[in-house]
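The values are calculated or read from the model by the stated rules, or taken from the named source; none is laboratory data. Here the structure is a predicted model, which means the values were calculated and not measured. Note that each Cβ is placed from the backbone with ideal geometry, even for glycine, and that neighbours are counted across all protein chains shown. Areas reflect the complete protein model, heavy atoms only, side chains present, ligands, DNA and RNA absent. Shrake-Rupley method; radii C 1.70, N 1.55, O 1.52, S 1.80 Å.
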Amino acid sequence: MPIEINQTVKIMFEVRVDGVLVDGSRSNKPFEFQFGVGQVIAGLEKRIINMKAGEATQFIVPAAEAYGKYDPNAIQTLPIKQFEGIDDLKVGLQIQAQDENDQPIQFIVKEINETEVTVDFNHPLAGKDLEYKIKIDSLL
């Protein structure tokens, strides 16, 4: 029987970008999610909707159906004093914070100088096509 909305789906998977593994099933244990409720990217759900338990496939999810296009306007330069209290501030650091509406946000430190920090609010996989290898472990 194919996957249905709100059904629990367990998958074994690998995600690659330009051939480099960036995500996958941890410790050989299936990843579990509720289908059709936004727990995974839309492009993944769109490509597995007609699959059944035990089936396997490979496909590419274009950036627009994954984490969106890379937005150069999402890069901002902020005063370094806004980062006081972060002892391990360095280029590449991913920081989780809250916006002015107390909503969670995540950004990556791109540059640091004596007075400013440049940060990138794009998702790390924004602008990237994702190469999936999937096997439907079970449908509950």
> Out of (1) under 27 Å from Gly127 (Cβ atoms); (2) among the acidic types (Asp, Glu); (3) in contact (Cβ under 8 Å) with a residue 24 or more places away in the chain, what's the single condition that is false for Glu45?
Replying inline: (3)
> Can you name the condition, by its number, that Phe59 falls short on among (1) surrounded by 15 or more Cβ atoms within 10 Å (Cβ to Cβ); (2) farther than 25 Å from Val119 by Cα?
Replying inline: (1)
> Hey, does region 81-89 have a residue that's loosely packed, with under 12 Cβ neighbours inside 10 Å, more than 15 Å from Lys135 (Cβ to Cβ), basic (Lys, Arg) and touching a Ser or Thr at 6+ places or on another chain (Cβ under 9 Å)?
Replying inline: yes
> Since Ile11 meets every condition but one in (1) assigned to a strand (DSSP E or B); (2) closer than 20 Å to Thr118 by Cβ; (3) open to solvent by less than 50 Å² (accessible area, probe 1.4 Å), which condition does it not meet?
Replying inline: (2)
> Restricting region 14-42 to residues that are under 10 Å from Ile134 (Cα atoms) and in contact (Cβ under 8 Å) with a residue 40 or more places away in the chain, which is surrounded by the fewest Cβ atoms within 10 Å (Cβ to Cβ)?
Replying inline: Glu14
> Going by the structure shown, is Asp120 free of Cβ contacts under 8 Å to residues at least 12 places away in the same chain, more than 26 Å from Phe31 (Cβ to Cβ) and either out of contact with any helix residue (DSSP H, G or I) (no Cβ under 6 Å at 6 or more places or on another chain) or surrounded by 12 or more Cβ atoms within 10 Å (Cβ to Cβ) (or both)?
Replying inline: no
> Among (1) open to solvent by less than 40 Å² (accessible area, probe 1.4 Å); (2) touching a strand residue (DSSP E or B) at 6+ places or on another chain (Cβ under 9 Å); (3) not charged (D, E, K, R), which single condition is Gln96 missing?
Replying inline: (1)
>> Among the listed residues Ile11, Ile49, Ile3, Ile75, identify the single one that is farther than 21 Å from Ile108 by Cα, β-branched (Val, Ile, Thr) and modelled with pLDDT of 95 or more.
In response: Ile11
